[in-house]
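Worksheet: the structure to be examined is printed underneath.
The values are calculated or read from the model by the stated rules, or taken from the named source; none is laboratory data. Nothing here was measured: the structure is a model prediction, and the numbers come from that model. Every residue, glycine as well, gets a Cβ built from its backbone with ideal geometry; the counts of neighbours run over all protein chains shown. The protein model used for the area step is the full one, side chains on, heavy atoms only, and it has no ligands, DNA or RNA in it. Shrake-Rupley method; radii C 1.70, N 1.55, O 1.52, S 1.80 Å.
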Amino acid sequence: ITQKMGSCSSQSCQSCFFEYETERMIVVKSKVVGSVFRLIQFLILVYVIGYVCVVQKSYQETDSVISSVTTKVKGTGFTNTSDLGARVWDVADYNIPPQGDSSFFVLTNMIVTPNQTQSTCPELPNQSTICMSDSDCLEGSNDVRGNGIQTGLCMNYKETVKTCEVLSWCPLEIDINLPEHALLAAAEDFTVLIKNSVTYPKFNFHKRNILPDVNSSYLKQCEFNRKTDPYCPIFRLKDMVSEAEEDFQTMAIRGGVLGIMIDWSCDLDWPEHHCGPKYSFRRLDNKIPENNVAPGYNFRFAKYYKTTDGRETRTLIKAYGILFDVIVFGTAGKFNMVPTIVNLGAALTFLSLVNAVCNWFLLTCTKRRDYYSKHKFTYLDNTDDNAGESVSY
């Protein structure tokens, strides 16, 4: 046990200036103190070996992944509605935009407003558009939440309701009649090819999620399955939604956002084939019942045409669907001498603290603390005639 050999508390400043403290070793035979000493040593070794080395791998130098992602969706569906009639949908119709990168959108439901033209029509009724006469409407007024520019006229919206007339794309969209079942229910069987390339520049490591032994014949017939085919880069949409613990047909009605997580965490001390992508899926948008304002995911787009007389017309589509967001993350580690030495030094520092803790325990918590304290400190005075003899107190 490390001993402190001098004290200045009762000496003058001049006397303390010329004193020197050194160490003294005393062996205390105590089962209690010895057990505490070995227990602390054991806990430190478990922490260093088990947590620092095995769990944290602190002997490794690390680098963060740099990634690129491209996607390609395939599949066809069929709908038969009063607005669009019988129609076959291919990837150019439902995949918006057509060239996806780290995210892609698949249309599953829609509200269609056909044959819109630039003309005038009554505004949809709300608190700011309902009127009794033309004086209630301000010509040229533009409500950012409205559908057009007011003409200053008050028109019949229905027999019992009048609203201000607007210059807009008419007839106006009425977006409250959303189909109760997804129109493009067949989208659950569509597939997507995800091509992902990653690099760890610090280690000059490059790899793709399409493994080196994969050929075109395999890609034409494989489909991701966590048990039987975990490295196939082609995913069925329904399977991804199911792994996120969601029902595809329910989610397809109002849309949503689904995250495709690709984990590239690798231990590069092992051969390269041990480093591969690990896929997981999770719904990212809010679906809390208590906060269901503006649920799902939707946006609008239009398809424009010209009539035989040269008049411009369009079909407005409010598209509901699932936005798939591909999120790539990961950290790679490889043995390096510098972090190894740093963490070894930290471990030795922890071990050096064991004596200080045991000294405190010996002089504070044991029954014979006064006896141990008496032998812990010795004061030597070289001016004494009996130099070499010690005085313990």
Quiz item: Which value, in Å² rounded to 10, gives the accessible area of Leu353 with a 1.4 Å probe and all protein chains present?
Solution: 90
Practice problem: With the full set of protein chains in place, find how many percent of the accessible area of the range 150-260 is carbon and sulfur; take the probe as 1.4 Å. | Solution: 49
Quiz item: What accessible area per residue, rounded to a whole number of Å², is obtained for the chain using a probe radius of 1.4 Å?
Solution: 62
Self-check item: Candidate residues Val46, Val192: accessible-area rank, largest first, probe 1.4 Å
Solution: Val46, Val192
Quiz prompt | Accessible surface ranking that places the most exposed of Glu243, Glu123 first, with a 1.4 angstrom probe | solution = Glu243, Glu123
Quiz item: Using the alpha-carbon atoms, what tilt in degrees (0 to 90, nearest 10) does helix 31-46 show relative to the longest principal axis of the chain?
Solution: 40
Quiz item: Round to a whole number: what % of the accessible area of the range 266-381 belongs to carbon and sulfur, probe 1.4 Å?
Solution: 59
Quiz item: How large is the helix-only mean residue ellipticity at 222 nm for the chain, computed as the sum of -39500 (n - 2.57) over DSSP H runs with n ≥ 4, divided by its residue count, in deg cm²/dmol to the nearest 500?
Solution: -6000 deg cm²/dmol
Exercise. Find how many whole Å separate the alpha carbon centroid of the range 34-52 from the alpha carbon centroid of the range 91-168.
Key: 72
Quiz item: Does the range 274-314 classify as rounded, prolate or oblate by the C-alpha gyration tensor (a ≥ b ≥ c root eigenvalues; a/c under 1.5 gives rounded; else a/b over b/c gives prolate, otherwise oblate)?
Solution: oblate
Exercise. For His375, tell me the accessible area in Å² from a 1.4 Å probe, rounded to the nearest 10.
Key: 80
Quiz item: In the range 33-62, what chymotrypsin sites (Phe, Trp or Tyr not before Pro) fall in a loop by DSSP, with at most 12 other Cβ atoms inside 10 Å?
Solution: none
Practice problem: Can you sort Lys202, Lys29 by 1.4 Å-probe accessible area, starting with the largest? | Solution: Lys29, Lys202
